[in-house]
Each structure stands twice: as structure tokens, then as C-alpha cells.
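In what follows, a single structure is set out as C-alpha cells and then discussed.
The values are calculated or read from the model by the stated rules, or taken from the named source; none is laboratory data. Keep in mind the model is a prediction, meaning the values are calculated, not measured. Quick reminder, even Gly has a Cβ in these numbers, built from the backbone with ideal geometry, and neighbours come from all protein chains shown. Heads up: the accessible areas ignore ligands, DNA and RNA and are worked out on the full protein's heavy atoms, side chains in. Shrake-Rupley method; radii C 1.70, N 1.55, O 1.52, S 1.80 Å.
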Amino acid sequence: MTYTWDFHSVWQYWDLFLWGLWITVVYTLGSIAFGVAIGFATCAARLSGSMILISIARVYQEIFRCTPLLVQLLWFYYAFPLLVGASIDNRVAAMLTLSLYVGAFYAEIFRGAIVSIDRGQREAAAAIGMSPWQSMTRIILPQAMKRALPAFINQSVIQFKNTSLVSVISVADLAYMAAVVNGQTYRPLESYTLMAFLYIAMLLPITQAADWVERRLRVSD
Amino acid sequence: MERMQHMSKNTDPGEAVIEAIGLHKSYGPIEVLKGLDLKLERGEVVALIGPSGSGKSTFIRCLNMMEIPTDGTIRFRQKPIGKSFRDKGAHLGIGTLRRHVGMVFQHFNLFPHKTVLENVTEGPIVVCGRPKREAEALAMELLNQVGLAEKHAAYPNHLSGGQKQRVAIARALAMEPEVLLLDEVTSALDPELVGEVLAVIRNLAENGMTMAIVTHEMAFAADVASRVIFLDQGVIAETGTPEDVILNPQNPRLQGFVARFKG
Ligand SMILES: Nc1ncnc2c1ncn2[C@@H]1O[C@H](COP(=O)(O)OP(=O)(O)O)[C@@H](O)[C@H]1O
Ligand SMILES: [Mg+2]
């Protein structure tokens, strides 16, 4: 049995693929931006020394780290509206869930990097009269963020791929569009291969750059 | 050097700059400091000696509130230090204390993401709000004094241990402290690099800097200190001139300790 490839019929829908790719990029970057903010806030709560804040942050983190992203998406889109008695836009549900999900992981990456900085750094900052805030922002964070960078990039690459799950709540991302094209052309092999290729084309340069960054950081340490 | 002389002119011997009164420190059930008193007068150099684990570091770290004492008081310029960072009422804040009391660590603790010059200017600019240009001029003067002016653009990782420690001293001096606390600042150095750091400290002593120095360098302590304190199991077991404490120790535990380090 020989299969005759026919990318031509699939490629007629290139604008759908491109639009889907754009949506994927928007949700990835958007959720990374929100996730960084959530991650920092959660990390600050974890390091605050207040038992209440620490508990809230931990409960949030464990809920989002210990349930599959797919389950979270379904819950926020189908279950959450019943709880609050108002419908929720699928795009809002998607962005919210993706951000909360990645924020829980970012918080752990930031926290791990901050506590890994030698406590002598904090002491040296304190010894010249720096306030805890000055010490954190000028001495600890610059070093910690450098140390967190490889794990941060790695998590963000995973996030790019995870975004494909929003298609299950009908957000028209790349994965959703590939399914649409398949429905039009009955060409699953071509439709889904092209989709896979587009993911690789987006992420390969990023993983290569991440490896390079990691090597550079190791040299400078 | 000029700065140092200027500082020594201001010294007013007899006045206590920093003082510890009835200092206790416990970690959980373990009492590490069991009621210590110390009065450091202007221009005085006190050497703290004692076996490992006797509480030397804990003691010196209480003086700038790096460790919060369980009981007792630290006074700076006759004023008690409170437990908050800012000044409150009759109490000086920890922030104010640390602006005027410098500390140098065994492991240098230089900021690796900042150049040598930035390490030294960080305090004056960020903590004291001095203009950058002025802070840099002061920093270059201090780096010159510790013999490292030509390394001002280097990052700490490119320096030897002895050079790092001299930068750390310059960083502390940039705050123009009234007291300098040094905790085993040569213990992490290769033997051949100890001398260059001790020379810098000796120079500071000669120029009237008030210092508390934790050290195992007995010859250096005997030479540079005006007073030597022997700490043993969390109490001051002996205090006196270098001649009394290091050269002619009476207390048997002190005799044993000094004999081991004279080697
Ligand atoms: N953060 C801490 N927690 C518990 N015990 C401590 C801590 N810091 C110091 N100690 C204990 O206090 C004692 C004195 O320590 P230290 O002041 O470092 O002694 P020294 O500097 O004379 O060697 C030691 O027994 C040490 O184990
Ligand atoms: Mg010690």
C-alpha cells in the first residue's frame, strides 16, 4: 500500500494554520506574562514568613501542580460557571487556567533559585545597612533570576506545547485549526504533520537558544 | 590614607562606641552566649580568641544585630538598639547601627554580579544615597589603599582569595564605619595570601580604626590588639593586654589553647 501525500489540498488552508499559530503564540505569551506575575506573588507569599500566606500559596500550588491541565481547563470552563452562576467565555477560561497553571510552576522555580543563593549574600547586604527590600531586589534577585533562567525557559517551552489543550474548549489555536482543516480535507496525515512541523519550527530555535544560554551561564559562574 | 588620618583626629579616647551588656544568645535549648559584657572604646582594637564553637562568631554577629540576642542590650553611641530595622523612639534601628558598624566575613561574600568597584560603591549609593560620582571617587581611594585600584573593573570570581578579602574590607570601609567587625577574615585563605590581608588590617589599626577581630593568628593578635579576650564556652574567660593573655597566659585552658596555636 502506498500513500500519496497531498499537502497541496491542506496548504490551501494556510491562513487557518497561520491564524491558529498566532492564537497559540498569544495564549503562550499571555499566560507566561500573567504566570510570571502570579509566580512572583506566590513566591513572595511562600517566603513571607506568614503562616496564612504560606498556606494559601501552597494550597494553590499543589492544586495546580497535582491536577492535569486538561482537567483544569474542563473544570474552569464547564464547572466553575455553575459554581458562580455566570457563564465564562472560553477564551477567558483558557487564559485564566493556563496562567494559574504555569504560575504555580514558576513560583517554585523562582523560590528554588532564591533560596539557593548563599545566605552570606544576604548577610553582606545587611552588613552594609541594606533593608530587606534593597537586599532582595539588588543582591538576591539578580543572582537568583540568572540561576532560574534555564528552568524558566524550559517551563515556558512546555507551556507553548500545553497551549494545544485549549482546543478542547474550542479556542481556535493551532491544534484546533489542524482539526478543522482535517475536517475539510479528510487529510489527517497532512493536516497533523503540518501542525507538528509548525510546533517544531517554533520551538526548535528556542530550545537551541536555551541550551546556548545555559552553557553561557555555566561558563560565567 | 588621608581619610584614615582625618578619622583618627576625630577619635575621643575613653568614650564607648559600641557596648554589649549582659548578652545572652540561645539556639533553642542551647545557650551559646551566657552573659557577655564588652565595651569598645574609640580607636581600640580588641582581639577575640577562643576554641572553635566557643561563641566568637555569635558574639561578634550580635554586635551588629546579625544575630538578635536572646537577652541583653547592644548600645551604639550610648543608645540602645531596638529590634526593628528603623529607629524607634529612644532606640536606634538595626539599619542605623549597621550603617556605622562594618563587618567583614570569613568567606568574603562579595556580590558576584557586580564589579569590584560596584561592590564598594553599592553601600554609599544605595544605603547612604550618595551621588555615584562621589561614591566612585571614594571607592577608588579605598581600593588604592588596599592595593587593588587596577582591579576595579574585574568581577570577584576573577580575583584570588586575598584580593577578594581586601575588596570586602574596602566595601565595609566605604560606609565610613565607626567600628569594624572582622570574623576570621584570613581563615579561608591559602597561607601565602594571609599576609596581604593582615597588612591591610594592621594599617587600619595604626590609623585609629575601632575594631573587634576574631582571629586564630596569635602573633597578629598580640601585635595589633590593644586588648585580647579569651572566649570559652560562651563566657569571657580571660581579658587583658596581649602580654597577659597571649604571651603569659595564667588560666590553664587558655595556656593549652595558646600553645596549640603558637605552633
Ligand atoms: N544558627 C545556629 N543554630 C544553632 N546553633 C548554632 C547556630 N550558630 C551557631 N550555633 C552554635 O553555637 C555555638 C557557637 O558557635 P560560633 O559562635 O560559630 O562559635 P565560634 O565562632 O567560636 O567557632 C556552636 O556550638 C554552634 O554549633
Ligand atoms: Mg566562628
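Take B:MET218: with every protein chain present and a 1.4 Å probe, its accessible area is about 10 Å².
Could you tell me what percent of the accessible area of chain B is made up of carbon and sulfur, with a 1.4 Å probe and every protein chain present? List each step's numbers first, then the result.
Numbers: 5410 of 11190 Å².
Answer for chain B is 48 percent, counting heavy atoms of protein chains only.
The relative contact order of region A:22-174 comes to 37 percent, based on Cα pairs under 8 Å that sit 6 or more residues apart. Inter-chain neighbour count for B:172-182: the average number of beta-carbon atoms from partner chains within 10 Å of each residue's beta-carbon is 1. Rounded to the nearest 20 debye, the dipole size of the protein assembly as shown about its Cα centre is 720 debye, using +1 on the Cβ of Lys and Arg and -1 on the Cβ of Asp and Glu.
The accessible area of A:TRP19, taken with all protein chains in place and a 1.4 Å probe, comes to roughly 130 Å². Taking the accessible area of region A:22-174, probe 1.4 Å, and keeping the other protein chains in place, the carbon and sulfur fraction comes to 70%.
Note on A:ARG216 and A:MET51: the model spin-label points, each 7 Å out from Cα along the C-beta direction, lie 4.6 nm apart.
In the protein assembly as shown, one over the average inverse separation of all distinct C-alpha pairs is 26.6 Å, which is the Kirkwood hydrodynamic radius.
Mind checking the per residue accessible area of region A:22-174 for me, 1.4 Å probe, whole number of Å²? Please list the in-between numbers first.
Values: 6950 Å² over 153 residues.
Each residue of region A:22-174 exposes 45 Å² on average to a 1.4 Å probe.
In this simple spin-label approximation, A:TRP75 and B:GLN233 carry label points 7 Å from Cα along the Cα→Cβ vector, and these lie 5.9 nm apart.
Quick check: with the 1.4 Å probe, what order do A:ASP15, B:ASP232 take by accessible area, largest first?
Listed by decreasing accessible area, they come as A:ASP15, B:ASP232.
Across region A:164-173, rounded Karplus estimates of 3J(HN,Hα) from the backbone phi angles (6.51 cos²θ - 1.76 cosθ + 1.60, θ = phi - 60°) give 4, 5, 5, 4, 5, 10, 6, 8, 7, 8 Hz, Gly and Pro being marked x. Ellipticity at 222 nm from helices only: DSSP H runs of n ≥ 4 in chain B, each -39500 (n - 2.57), divided by the residue count, give -10000 deg cm²/dmol. Does anything in region A:143-177 have its amide N under 19 Å from the 7 Å Cα→Cβ label point of A:LEU82, and if so which residues? In region A:143-177, the label zone of A:LEU82 (backbone N under 19 Å from the point 7 Å along Cα→Cβ) covers A:169-170. Of all DSSP-defined beta bridges confined to chain B, some 55% are antiparallel rather than parallel.
For region A:22-174, the Cβ-based charge dipole about the Cα centre amounts to some 340 debye (Lys, Arg positive; Asp, Glu negative; other atoms uncharged).
The H on the amide N of B:PHE85, modeled in the peptide plane, is under 5 Å from the matching H of B:ILE94, each at least 5 residues off or on a different chain. Computed from phi, the 3J(HN,Hα) profile of region B:41-48 under the Karplus parametrisation 6.51, -1.76, 1.60 (θ = phi - 60°) reads 8, 4, x, 7, 10, 9, 9, 9 Hz, with x in place of Gly and Pro.
On association of chains B and A, roughly 1700 Å² of accessible area becomes buried (total for both chains; probe 1.4 Å). Couplings 3J(HN,Hα) for region A:176-185, derived from phi with the Karplus relation 6.51 cos²θ - 1.76 cosθ + 1.60 (θ = phi - 60°), are 5, 5, 4, 5, 4, 4, 4, x, 7, 9 Hz, where x marks Gly and Pro. Computing Rg and the Kirkwood Rh from the Cα coordinates of chain A gives a ratio, Rg/Rh, of 1.08. When peptides B:133-139, A:97-103 are ranked by their average number of other Cβ atoms within 10 Å per residue, the highest-first order is A:97-103, B:133-139. Comparing the full protein assembly with the isolated chain, the residues of region A:101-147 losing at least 50 square angstrom of accessible surface (1.4 Å probe) are A:GLN121, A:GLU123, A:ALA124, A:ALA127, A:ILE128, A:GLY129, A:ARG138. Averaging the Cα positions of each part gives two centres, and for region B:167-192 and region B:201-247 these lie 15 Å apart. Calculate the length of the line joining the C-alpha centroid of region A:49-70 to that of region B:31-105, in whole Å. Their Cα centres are 40 Å away from one another. For the segment B:104-112, counting C-beta atoms of other chains within 10 Å of every residue's C-beta and taking the mean gives 5.
Can you tell me, using C-alpha contacts under 8 Å and at least 6 residues apart, the relative contact order of region B:116-263 as a whole percent?
So the answer I get is 17 percent.
Spacing of the modelled spin labels on B:SER160 and A:VAL157, each 7 Å from Cα toward Cβ, amounts to 4.2 nm.
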